[in-house]
Amino acid sequence: MDQPSGRSFMQVLCEKYSPENFPYRRGPGMGVHVPATPQGSPMKDRLNLPSVLVLNSCGITCAGDEKEIAAFCAHVSELDLSDNRLEDWHEVSKIVSNVPQLEFLNLSSNPLNLSVLERTCAGSFSGVRKLVLNNSKASWETVHTILQELPDLEELFLCLNDYETVSCPSICCPSLKLLHITDNNLQDWTEIRKLGVMFPSLDTLVLANNHVNAIEEPDDSLARLFPNLRSISLHKAGLRSWEDIDKLNSFPKLEEVRLLGIPLLQPYTTEERRKLVIARLPSVSKLNGSVVTDGEREDSERFFIRYFVDVPQEEVPFRYHELVTKYGKLEPLAEVDLRPQSSAKVEVHFNDQVEEMTIRLDQTVAELKKQLKTLVQLPTSNMLLYYFDHEAPFGPEEMKYSSRALHSFGIRDGDKIFVESKTK
């Protein structure tokens, strides 16, 4: 169904939150607000508005009556206008300027690149702390204007905007703590480093799906650029060198890293990937969303030593020597095959005869009797079997239950099976 054209914010608001679509429920904790009726607002007492408004994919192109917006939305703190048809920042400003408590605003997938954001319009966003501009194709000039007018902005989402470069503003934004800038075309570290200049207080940087090809920065410079970075996502980056992983140790406060899908780790097994990365990043406490326990860290660091123990000295990473100082030089673990034995070579004793034969251990006692029938010339119904473990201190054990599997006896090579006739 095609979206209706030319719909206003107020029109959609009245439709969605009418009593028929959004019934009012009394009682604490229901999250519904019905403001007092002002003069000249006949719809006022008929709309039940929560503090979080979700008006995505509604075909909104303009604001509508600003007085009505101010009357209805004085208490609204979160507003989702994603996937609409807003292309004029002036119309967005008319909406936002009449929502004084607004802290979260989602404008994703609106064609706002078709107009220029003036500082007078951006000023209406001044109270917003979390702003989502994914797939809006917002230019860096627009982003700079927003940053100048939003002094309390803490979280910014700029995904899917086709950025190939980063443009630095004349002033930085010290309030921003979280930046999502995934699914763009930022490949060179010279562009990524500008984000550190723009956002010196950045705590979380999500760079997934940008194909960043290397971290080309001196260690001391990384520490200055991102002094407060606690979490970074390089999911599906283009990193191909262990030196890039080692560079992450230069972020002084880094605790959480995501590194799934990078070319460097493709040749390794799942176990090797995780353990080798953990061992190289001693300060990281969460990798790919999973907590690194003290036990896992020690196992990983010991694994790292054994992994490089036979590698030529000139190829051994520096971290290897640090860990050898910590644990000593460890010998490779003995390879132990823990798979259950599938067959055994046993001695079959009957009367005065002894025959050596190989038996399958996945078969039952009844099936073993059928196998022995020709050898001992007895019908299975007249056959008694006894199992003797050559290392056990006890005597033979009667194999009396026909459905019991042979592997449950613990039969091994060299053990004996005695066959007797019931009519003997």
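Annotations
- Applying the criterion of at least 1 residues that are modelled with pLDDT of 95 or more and in contact with a strand residue (DSSP E or B) (Cβ under 8 Å, 6 or more places away or on another chain) to the helices (runs of 4 or more DSSP H) found wholly in segment 260-344 leaves 270-280.
- Qualifying residue in segment 173-186 (condition: buried (at least 16 other Cβ atoms within 10 Å of the Cβ), at pLDDT 95 or above, of a type in the set (Val, Ile, Thr) and under 27 Å from the mean Cα position of the chain (by Cα)): yes
- Condition check for Pro23 on (1) under 38 Å from the mean Cα position of the chain (by Cα); (2) open to solvent by 60 Å² or more (accessible area, probe 1.4 Å); (3) modelled with pLDDT of 95 or more: one failure, at (3).
- Hits in segment 96-127 - residues which are in a strand (DSSP E or B) and either of a type in the set (Lys, Arg) or buried (at least 19 other Cβ atoms within 10 Å of the Cβ) (or both): Leu105, Asn106
- Among residues of segment 376-420, those that are part of a loop (DSSP other than H, G, I, E, B) and of a type in the set (S, T, N, Q), counted: 3
- Odd one out for Val92 among (1) at pLDDT below 65; (2) crowded, with 17+ Cβ neighbours inside 10 Å: (1)
- Only one of the numbered conditions (1) touching a helix residue (DSSP H, G or I) at 6+ places or on another chain (Cβ under 8 Å); (2) of a type in the set (Ser, Thr, Tyr); (3) open to solvent by 70 Å² or more (accessible area, probe 1.4 Å) is violated by Tyr268, and that is (3).
- Residues of segment 131-155 satisfying the condition of being touching a Phe, Trp or Tyr at 6+ places or on another chain (Cβ under 8 Å) and either of a type in the set (Phe, Trp, Tyr) or part of a loop (DSSP other than H, G, I, E, B) (or both): Leu133, Asn134, Trp140, Leu150
- Residue match in segment 335-355 (condition: among the hydroxyl-bearing types (Ser, Thr, Tyr), on the phi < 0 side of the Ramachandran plot and exposed (fewer than 10 other Cβ atoms within 10 Å of the Cβ)): yes
- One residue stands out among those in segment 203-260 that are open to solvent by 80 Å² or more (accessible area, probe 1.4 Å) and over 22 Å from the mean Cα position of the chain (by Cα): the one that is nearest to Ser290 (Cα to Cα), which is Pro252.
- Among the candidates Val292, Val365, the residue that is touching a Lys or Arg at 6+ places or on another chain (Cβ under 8 Å), open to solvent by less than 100 Å² (accessible area, probe 1.4 Å) and closer than 30 Å to Pro379 by Cβ is uniquely Val365.
- Boolean, Ile192 is over 23 Å from Val128 (Cα atoms), modelled with pLDDT of 95 or more and open to solvent by less than 50 Å² (accessible area, probe 1.4 Å): yes
- Hits in segment 73-95 (condition: of a type outside the set (A, V, I, L, M) and either part of a loop (DSSP other than H, G, I, E, B) or within 35 Å of the chain's Cα centre (by Cα) (or both)): Cys73, His75, Ser77, Glu78, Asp80, Ser82, Asp83, Asn84, Arg85, Glu87, Asp88, Trp89
- Selected residue (only one of Leu160, Leu195 is aliphatic (A, V, I, L, M) and either closer than 26 Å to Trp242 by Cα or outside any loop (DSSP other than H, G, I, E, B) (or both)): Leu195
- Residues that are of a type outside the set (A, V, I, L, M) and touching a residue at least 60 places away in the same chain (Cβ under 8 Å) were ranked within segment 370-419; the one that is surrounded by the most Cβ atoms within 10 Å (Cβ to Cβ) is Asp415.
The values are calculated or read from the model by the stated rules, or taken from the named source; none is laboratory data. Everything numeric here is computed off the predicted structure, so don't read it as measured data. For neighbour counting, all protein chains shown are included, and Cβ atoms are generated from backbone atoms with ideal geometry for every residue, glycine included. Heads up: the accessible areas ignore ligands, DNA and RNA and are worked out on the full protein's heavy atoms, side chains in. Shrake-Rupley method; radii C 1.70, N 1.55, O 1.52, S 1.80 Å.
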